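Novice: One structure, pasted below without further comment.
The values are calculated or read from the model by the stated rules, or taken from the named source; none is laboratory data. Here the structure is a predicted model, which is why all the values come from computation and not from measurement. With ideal geometry, Cβ positions are generated from the backbone for all residues, glycine too; neighbour counts draw on all protein chains shown.
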Amino acid sequence: MSAAKVVSENYSIDKKIELDQLDPLFEVNENVTSEIFDRPNEELQFEEISPKIFGLKDVSEPLTIESLNNAIYELGVINLCWPEINEPVFETRTCFPKSYFINTNKERLLLAYAENFRRQFQFHYRSRRPLILQAPNECGLQKMVCTSIRPTKLCYSDTTSWQGLSSLVSDYFDYEPLRKPMLLPERIISAYTAIVRRSGNPFELAHVLVSWLIGAGYDAYVVVGCAKRDVCMAIRYRTVCPEIPDESAVIDTPPPSEEEPRYRLVPLPDLTSKYCKDMDQKEAEKQQAELNKIESERLKKIAELEKPPPDEIDGWRTHAWVLVLPGFKGVEEPFFIEPSEGNGYPISAPQYQQLDSIYNNENYYVNLKSCAEGLGSLNYDLNELTCWEHLLAGEPFHRRQLVGIDCADKKTAFDTEKHLDVPTSWIEKLDITADEYEQRYPGSHKVIRYKKVLSEKFSPYSERDGVIKRIIIYEDYALSIPLLTYEWYKNRVDKMLTVKIDHLKREVRETFGIGRKDHLLKHIYSMDAPTTSVEGERTLEFNYYARLDHLTKLVCTGLTFDEYYTDREDRLETRFITYTEGNKFDPKRQVKDIIETYNRNPDIPSKDDIWKKIFHTQENTIEILYHYDYNFVTNNTRFFIKPNLAETGGKILFYPDKTTGYIADPCTKPPRPLDVYYALCDNMESEHHSRKHIRDRESDITGYLKQRECELNEPILFVGLFDTERNDAAKKGWQEQETQKAEVTEREKDAEIDPLAPYLARMFGSGHGAGALTVKEATLVREQCLNDFRAKQLARQNLVQERFDKLNAEYKNKRLWYLANQFILTPEKESAYFALSAELAFQVHTLEVRLTRHRDLSSPRFKALEDYLDKHPLLKEFNRLRHYYRMK
């Protein structure tokens with residue numbers, strides 16, 4: 001470190017050393033601004049041990065080993081003596097790789113280099129906080145922090161982005177604040193051990209996240225600095241929950257037309273008084289200003305009461321987080337990631353107060369600029385040496401700025417240079433299994449308390465109803481009066497995805513995925529509605545495209561029943577049913593009116609195209625309205641009084657005095673009485689079908705509500721076919737297949753096939769033992785075996801040859817027949833010939849290949865059989881005698 005860079009910064013350290021009891025946190029109810037509640041206790045209350053390095057030391061105290069070790073720890077001194085560690089133990093882990101408790105020569109050289117760097121930095125910047133260049137690991141061995149980062153690429157779909165990785169880290173680990181908040185961490189365990197423990201301090205979580213981010217292709221660094229108390233202690237009940245769904249309606253307004261119309265109406269003159277208009281506007285602005293002032297005072301008072309309690313060591317709390325620099329994976333601006341939360345923040349985020357240094361697996365960089373104006377004022381170009389001091393001289397390859405040098409030459413120079421670089425990480429690969437990734441949360445459950453919000457997260461299949469996330473929004477800070485509840489579900493047989501419960505409106509909204517038999521997509525109902533009755537207030541939305549009746553939505557109330565359709569062939573749009581109120585004599589509601597509306601059919605005239613049918617069932621009348629014709633302000637109508645079928649014996653009689661109509665076009669001839677009679681018959685039949693449809697629809701909805709009650713009371717979770725851990729049927733079948741396969745393999749090993757077994761059984765029966773045969777018996781058995789093998793091979797060859805000749809002749813005959821008749825064949829016969837010819841050609845080729853293969857393998861197979869018989873133990877005498885004569 002050159003003397004030119006001796007520009008030390010003045011950091012105020014005149015702070016109290018004794019940590020007094022923190023003031024209680026007060027909260028306010030927004031609805032009652034004058035009411036003040038006691039805030040809940042701070043989360044994660046850890047004993048914070050004040051450092052002695054920032055206080056006055058009593059020189060009269062005797063110097064002990066303990067006090068000396070404490071001073072070494074507070075100053076961050078690197079111990080250059082490496083004691084021998086045998087059989088290290090950390091919590092429940094006893095088996096460690098050798099790299100965990102033994103430093104290599106290069107690691108020792110790097111530690112010595114870092115200690116020299118620390119001394120020079122402390123000499124030039126005496127008022128700066130000690131640098132964290134090393135920390136003991138779980139085995140008690142000092143390790144350089146850069147070597148504690150092990151880049152690892154995870155193989156899961158959502159671990160390719162920083163959002164997925166940061167969310168995984170925040171969900172997977174339990175956060176442990178530092179016990180000594182102003183000093184360096186007492187130990188930094190390996191990222192692998194942190195994954196096994198499912199918990200870690202901010203440095204350990206940052207190491208895990210940076211390792212995974214670098215493995216995913218990001219330029220990520222661990223940041224060492226200071227942050228506010230809420231961040232260091234993972235206190236979130238003063239933070240707005242970032243996971244609340246945004247349900248604000250998105251209105252797509254069409255862009256204004258660029259072409260002005262050729263003709264436009266002249267606007268009417270504005271006769272209103274401008275003076276009155278100005279006075280009204282001033283009065284409205286005055287009232288709005290008063291309202292804004294009251295609201296601003298209310299929000300200011302709430303913000304004042306919601307402020308965290310005073311922190312005696314504010315600005316000195318040591319913390320570690322993650323910095324992502326641009327240049328890779330589409331990152332354009334640098335930003336921070338808080339590992340304990342899983343959220344990204346801009347570099348000007350106010351919760352981060354001081355940045356001392358950053359590092360990754362390639363180098364260590366010390367910030368030389370003041371952070372008095374915030375971290376957003378820093379220059380994050382690491383090549384700017386006036387802003388960043390580098391521990392190692394050798395830069396990573398992607399940061400080299402060698403102008404005018406070929407890339408290949410630059411790479412060669414990088415590979416052959418002699419600068420000291422960071423050795424390979426001593427940590428094991430940071431992989432997690434599929435089961436651990438799916439479980440995700442420690443204990444399969446995680447609870448986070450935000451400002452007036454309680455967030456619960458569950459692992460898949462950990463809950464009986466399949467819920468994976470629940471967010472409850474409360475009215476008060478004590479989380480006692482719920483307002484809204486959001487629930488997300490997964491792997492349910494009933495395809496339910498989300499549930500929203502509005503406790504004020506007492507309304508429940510359920511959404512479903514594609515795949516239900518009834519094709520339901522959304523179900524909205526009142527919490528006070530009857531569970532299995534259609535007379536309660538509820539709305540059901542369907543996937544009309546998959547339904548035969550193209551039903552889109554059902555809206556039920558106590559006295560109405562509305563149906564909405566889309567793209568029906570009969571052009572039915574809606575059907576509205578109103579009911580009469582029940583009384584003590586007839587408690588069941590009765591259908592009062594049925595209103596059906598239809599789309600315009602362009603194939604028929606509008607005067608004959610029905611727009612609306614109104615069936616007054618209580619009044620025994622039918623009202624028909626037709627579509628409006630072009631340039632008409634009225635439409636045709638027709639009114640019927642239905643005849644009493646009981647009086648007419650079930651026949652529909654037409655009475656001209658019981659029907660009236662209106663014709664919009666006076667030039668049109670009135671309809672014939674026969675046409676009116678046919679219209680009456682059709683509409684009476686349509687009314688009958690509509691009433692029957694209503695009864696059937698009510699029965700269907702009642703059945704659906706009973707089914708939903710069973711699905712909610714006894715939920716069933718879907719298990720994937722390839723999930724062998726939970727699919728008991730598939731797991732049992734797979735185990736049975738493995739058992740059968742193992743039994744067959746074992747049986748084949750135990751019972752080796754003997755080609756001489758049939759001949760021995762034919763000659764001696766089943767009483768032949770394991771003794772050797774005589775020369776005569778062996779000669780007979782051997783010749784029979786070889787002759788049968790020759791005969792079988794020849795028979796197989798003849799059979800294949802016969803089939804080949806037969807099919808080849810048939811193929812040639814078909815070919816000759818086609819050449820002779822190709823000009824008189826119909827397209828159907830020609831297509832049939834080509835299909836048959838292709839099939840015959842394939843069969844001929846197959847037999848030809850089989851015949852060739854049989855001829856090529858016959859001799860090797862015969863030779864293999866002879867070799868086997870020459871070594872057979874039962875033919876030992878014969879083989880010995882033959883070998884004797886052959887040698888003689």
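Novice: Looking only at region 334-349, count every residue that is more than 20 Å from the chain's Cα centre (by Cα), assigned to a loop (DSSP other than H, G, I, E, B) and touching a residue at least 40 places away in the same chain (Cβ under 8 Å) and tell me the total.
Specialist: The qualifying residues number 1.
Novice: Now, a different point. Pick out the one residue from 878, 862 that is part of a helix (DSSP H, G or I), in contact with a helix residue (DSSP H, G or I) (Cβ under 7 Å, 6 or more places away or on another chain), under 21 Å from residue 795 (Cβ atoms) and aromatic (Phe, Trp, Tyr). Walk me through it before giving the result.
Specialist: On the way: 878 fails: under 21 Å from residue 795 (Cβ atoms).
Being part of a helix (DSSP H, G or I), in contact with a helix residue (DSSP H, G or I) (Cβ under 7 Å, 6 or more places away or on another chain), under 21 Å from residue 795 (Cβ atoms) and aromatic (Phe, Trp, Tyr) holds for just one of 878, 862, which is 862.
Novice: The conditions are (1) within 30 Å of residue 548 (Cα to Cα); (2) touching a residue at least 40 places away in the same chain (Cβ under 8 Å), and residue 681 fails exactly one of them. Which is it?
Specialist: The one condition residue 681 does not meet is (2).
Novice: Determine whether residue 687 is under 30 Å from residue 529 (Cβ atoms), acidic (Asp, Glu) and surrounded by 12 or more Cβ atoms within 10 Å (Cβ to Cβ).
Specialist: Values: under 30 Å from residue 529 (Cβ atoms): yes; acidic (Asp, Glu): yes; surrounded by 12 or more Cβ atoms within 10 Å (Cβ to Cβ): yes.
Answer is yes for this residue.
Novice: Using the structure shown, decide if residue 535 is touching a Gly at 6+ places or on another chain (Cβ under 6 Å) and part of a loop (DSSP other than H, G, I, E, B). Write out each step before concluding.
Specialist: Numbers: touching a Gly at 6+ places or on another chain (Cβ under 6 Å): yes; part of a loop (DSSP other than H, G, I, E, B): yes.
So residue 535 passes the test.
Novice: Yes or no: residue 547 closer than 30 Å to residue 613 by Cβ, among the basic types (Lys, Arg) and in contact with a Cys (Cβ under 9 Å, 6 or more places away or on another chain)?
Specialist: Working: closer than 30 Å to residue 613 by Cβ: yes; among the basic types (Lys, Arg): yes; in contact with a Cys (Cβ under 9 Å, 6 or more places away or on another chain): no.
No.
Novice: Can you find even one residue in region 666-674 that is assigned by TED's automatic domain parsing to the domain that holds residue 547, without any contact (Cβ under 8 Å) to a residue 60 or more places away in the chain and surrounded by 11 or more Cβ atoms within 10 Å (Cβ to Cβ)?
Specialist: The initial filter retains those residues of region 666-674 that are assigned by TED's automatic domain parsing to the domain that holds residue 547, namely 666-674.
Of the ones still in play, those that are also without any contact (Cβ under 8 Å) to a residue 60 or more places away in the chain are 666-667, 669-674.
Among the residues that remain, those that are also surrounded by 11 or more Cβ atoms within 10 Å (Cβ to Cβ) are: 671, 673.
Checked region 666-674: at least one residue is assigned by TED's automatic domain parsing to the domain that holds residue 547, without any contact (Cβ under 8 Å) to a residue 60 or more places away in the chain and surrounded by 11 or more Cβ atoms within 10 Å (Cβ to Cβ).
Novice: Right, here's the next one. Restricting the first residue to region 793-804 and requiring it to be assigned by TED's automatic domain parsing to the domain that holds residue 847, which pairs with a second residue that is of a type outside the set (A, V, I, L, M, F, W, C) and part of a helix (DSSP H, G or I) meet a Cβ separation below 6 Å and a spacing of at least six or different chains?
Specialist: These pairs meet every condition: 793/858; 797/854; 800/850.
Novice: Between a residue in region 209-224 that is crowded, with 24+ Cβ neighbours inside 10 Å and any residue that is acidic (Asp, Glu), which pairs come within a Cβ distance under 8 Å, given they are 6 or more apart or on different chains?
Specialist: 224/356
Novice: Can you spot a residue in region 454-471 that is within 30 Å of residue 106 (Cβ to Cβ) and not in a strand (DSSP E or B)? Quick ask: steps written out before the conclusion?
Specialist: Taking region 454-471 and keeping what is within 30 Å of residue 106 (Cβ to Cβ), we get none.
There is no residue in region 454-471 that is within 30 Å of residue 106 (Cβ to Cβ) and not in a strand (DSSP E or B).
Novice: For region 557-596, give me each residue that is under 21 Å from residue 621 (Cα atoms) and acidic (Asp, Glu).
Specialist: Result: 562, 581, 593, 596.
Novice: Could you please tell me which pairs satisfy a Cβ distance under 9 Å, a separation of 6+ or placement on different chains, a first residue in region 419-433 that is farther than 19 Å from residue 98 by Cα and at pLDDT 90 or above, and a second residue that is buried (at least 20 other Cβ atoms within 10 Å of the Cβ) and polar (S, T, N, Q)?
Specialist: 431/152
Novice: Now for a separate question. Testing residue 140 on (1) touching a residue at least 60 places away in the same chain (Cβ under 8 Å); (2) within 17 Å of residue 193 (Cα to Cα); (3) not in a helix (DSSP H, G or I), one condition comes back false. Which one is that?
Specialist: Every condition holds for residue 140 apart from (1).
Novice: Could I ask something else about it? Which numbered condition in (1) basic (Lys, Arg); (2) surrounded by 20 or more Cβ atoms within 10 Å (Cβ to Cβ); (3) in contact with a strand residue (DSSP E or B) (Cβ under 9 Å, 6 or more places away or on another chain); (4) not in a strand (DSSP E or B) is the only one that residue 128 fails?
Specialist: (2)
This table checks each residue for (1) over 60 Å from the mean Cα position of the chain (by Cα); (2) surrounded by 11 or more Cβ atoms within 10 Å (Cβ to Cβ); (3) not hydrophobic (A, V, I, L, M, F, W, C); (4) not assigned by TED's automatic domain parsing to the domain that holds residue 774.
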residue: 790; (1), (2), (3), (4): yes, yes, yes, no
residue: 807; (1), (2), (3), (4): no, yes, no, no
residue: 827; (1), (2), (3), (4): no, no, yes, no
residue: 838; (1), (2), (3), (4): no, no, no, no
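Novice: Of the residues that make up region 468-481, is at least one in contact (Cβ under 8 Å) with a residue 12 or more places away in the chain, closer than 21 Å to residue 719 by Cβ and not assigned by TED's automatic domain parsing to the domain that holds residue 191? Quick ask: steps written out before the conclusion?
Specialist: From region 468-481, those in contact (Cβ under 8 Å) with a residue 12 or more places away in the chain are 468-479; that's our starting set.
Pick out the ones that are also closer than 21 Å to residue 719 by Cβ and you get 468-469.
Now restrict to residues that are not assigned by TED's automatic domain parsing to the domain that holds residue 191: 468-469.
Yes, that holds for at least one residue.
Novice: Ok, one more. If residue 302 satisfies every condition in (1) over 17 Å from residue 229 (Cα atoms); (2) part of a loop (DSSP other than H, G, I, E, B); (3) touching a residue at least 40 places away in the same chain (Cβ under 8 Å) but one, which is the exception?
Specialist: Every listed condition holds for residue 302 apart from (2).
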